[in-house]
1. With a 1.4 Å probe and all protein chains left in place, how much of the accessible area of the stretch 213-354 comes from carbon and sulfur atoms, in whole percent?
2. Please label the shape of the chain as rounded, prolate or oblate, based on the square roots a ≥ b ≥ c of the eigenvalues of the alpha-carbon gyration tensor (a/c under 1.5 means rounded; beyond that, a/b larger than b/c means prolate, else oblate).
3. Over the stretch 121-185, what relative contact order in percent results from Cα pairs under 8 Å that are six or more residues apart?
4. Pairs of Cα atoms under 8 Å, at least six residues apart: use those to get the relative contact order of the stretch 56-107, whole percent.
5. Give the carbon-plus-sulfur fraction of the accessible surface of the stretch 156-196 in %, rounded to a whole number; probe 1.4 Å, heavy atoms of protein chains only.
6. Where does the stretch 282-339 land on Rg/Rh, using Cα atoms and the Kirkwood Rh?
7. Between Ala387 and Glu215, what length in nm is gained on full extension when 0.36 nm per residue of separation is reduced by their alpha carbon distance?
8. Using label points projected 7 Å from each Cα along Cα→Cβ, tell me how many nm separate Thr262 and His118, to one decimal.
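The values are calculated or read from the model by the stated rules, or taken from the named source; none is laboratory data. Quantities reported herein were computed from a predicted structural model and do not represent experimental measurements. No Cβ is skipped: glycine too gets one built from the backbone with ideal geometry, and neighbour counts run over all protein chains shown. Ligands, DNA and RNA are excluded from the accessible area calculation, which covers all protein heavy atoms including side chains. Shrake-Rupley method; radii C 1.70, N 1.55, O 1.52, S 1.80 Å.
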Amino acid sequence: MSRLGFGAFLAPHHPVGEHPMLQFRRDLDFVEHLDTLGYDEFWCGEHHSSGWEMIASPEMFLAAAGERTKRIKLATGVVSLPYHHPFNVAQRMVQLDYMTGGRVIFGSGPGALASDAHTLGIDPMLLRDRQDEAIGVIRRLMRGERVTVKSDWFTLQDAALQLLPLQEDMPFAVASQISPSGMTLAGKHGIGVISIGSLSEEGLDALPQQWSFAETAAAEHGQTVDRRDWRVLMSWHIAETREQARAEARHGLLRHHNEYITETLQRPGARHFKDPDEAVDKTAFGPGAVATIGTPDDLVARIKSLLQASGGFGTVVGFVHDWANPENIRRSWDMVARYVVPEINGYLAGLRTSREFVVNNREYFNRAREAVLAKIHENEAAAKALAVTKSPRIAAAAGNLPDLSQGADRVASR
């Protein structure tokens, strides 16, 4: 596999209480910060209920983010296709591609919240089939075809896009939970995947088998899929020590789990944690841990383990949450960029090799020191200048020379 990409996924999951205008601005500041740190991708979702998830249009948010960033890829994570006419989705994504200079990834899903589907009066049993149908139509439109379709939920008549994507081939990705449906859909259309089910114990356990569903479906439909287009979602909070990471994340994690996961979503099997320590212990330590709360080394080990268990993927995407305060959240993402990314991708290997070479070849370098000092003593004026300095080490520093203090006496006595 090539180097691992690193991204961020902002659902968002923001506790109710902060001014929404300021929250939007803080989220945009965060994207800009990720771009500065060198992250590869940023994802944000579409939700219309639940209180905690308050971005209704990822395209609008990403257009604003595009004006404040330079290189990071901007991904819809995800557009809920059954909620929209496919032609309008295609138009918005193409416009976004131009507005961001060709940095768009089109992520789609069937709709994550049952409350959203209820609001729009859509039968939940129809969601996945409608997503499948919409992807096929949107891909045809983005290839430049003129499309006529009469579906039971939309109509196209001689429809063609005025503008095709700025990118030669805009990347597509579908959301995948624990069931095979997301992976199967990716294989059918020959597109990428973002596995969001990995945030649960069941989803992590299913990862080793997940990719085979995509490969099987691709073979059945004459398509190909590439593990480099597979993105896996992870949760983390990183600090200098495990104790510090625990202290920073414990109260926010408790609120997120109890108020959102358990009370708002009423996720099957979820139960309240009794205190912040139980929240951290059950989420990040021991059997069934689904998050990493600790040091950069802890996250490096966790990513390597996940890569091995899954058979490999192209990008690890961190879930953006409000477990800690904004300052410590930024610090966590900063530490991942500075210490985890280079360790995973081998950026430090050459530096370590260079250092080890210098350490293990002292005899050669000591001879070089003696040769330099011998040249100084051949010149009477230079030797006198060296003699009046406070020490050979200071003389060496003043002349930007190596430290010759250990060999000076031996050379002078010859």
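1. The value for the stretch 213-354 is 50 percent carbon and sulfur by accessible area.
2. The shape class here is prolate.
3. Normalised by residue count, the contact order of the stretch 121-185 is 20 percent.
4. Rounded, it is 49 percent for the stretch 56-107.
5. 50 percent
6. Ratio value, two decimals: 0.97.
7. Once the chain is fully extended between Ala387 and Glu215, it gains 54.4 nm.
8. If labels sit at Thr262 and His118, their model points lie 2.1 nm apart.
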